[in-house]
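Visitor: Please find one structure pasted underneath; my questions will follow.
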Amino acid sequence: PPRPSPSAVRRAFEAFDRDRSGKLSIHGELPAALSHLLMDETSADAAEAMRRYDTDGNGSVSRTEFAALARDLDGHRRKGARASEAAISTAE
């Protein structure tokens, strides 16, 4: 599958930025975005994402920080898909 385009990431960010602050808060917006990106929406997952991707330390995830999160998740999914394909090929 193709990588998410910058415009797709922007649209996704804007869809979850309900208060139009330009940031995703850990209370509601970020967990919803993580759930949409196929992650569990637990508070622990949101806290971990905040710790890893809130690079300026302001307590929220900006559009740029969200783009890094989406890019990393996409890379992780691609890596997992390649590992699954390799396991299937080996089993055949």
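Visitor: Taking the range 57-77 only, how many residues are in contact with a strand residue (DSSP E or B) (Cβ under 7 Å, 6 or more places away or on another chain) and of a type in the set (S, T, Y)?
Guide: The number of residues fulfilling the criteria is 2.
Visitor: Further question on the same structure: Identify all residues within the range 46-72 that are in a helix (DSSP H, G or I) and aliphatic (A, V, I, L, M); write none if there are none.
Guide: Filtering the range 46-72 for residues in a helix (DSSP H, G or I) gives 46-53, 63-72.
If the condition is that a residue be in a helix (DSSP H, G or I) and aliphatic (A, V, I, L, M), then A46, A47, A49, M50, A67, A68, L69, A70 are the ones that fit.
Visitor: Among D45, D40, D72, D54, which is over 21 Å from R11 (Cβ atoms) and at pLDDT 85 or above? Give the derivation first.
Guide: Numbers: D45 fails: at pLDDT 85 or above; D40 fails: at pLDDT 85 or above; D72 fails: over 21 Å from R11 (Cβ atoms).
The unique qualifying residue is D54.
The values are calculated or read from the model by the stated rules, or taken from the named source; none is laboratory data. Because the structure is a prediction, the values reported are computed rather than measured. A quick note on method: Cβ atoms are made from the backbone with ideal geometry, for glycine too, and the neighbour counts reach across all protein chains shown.
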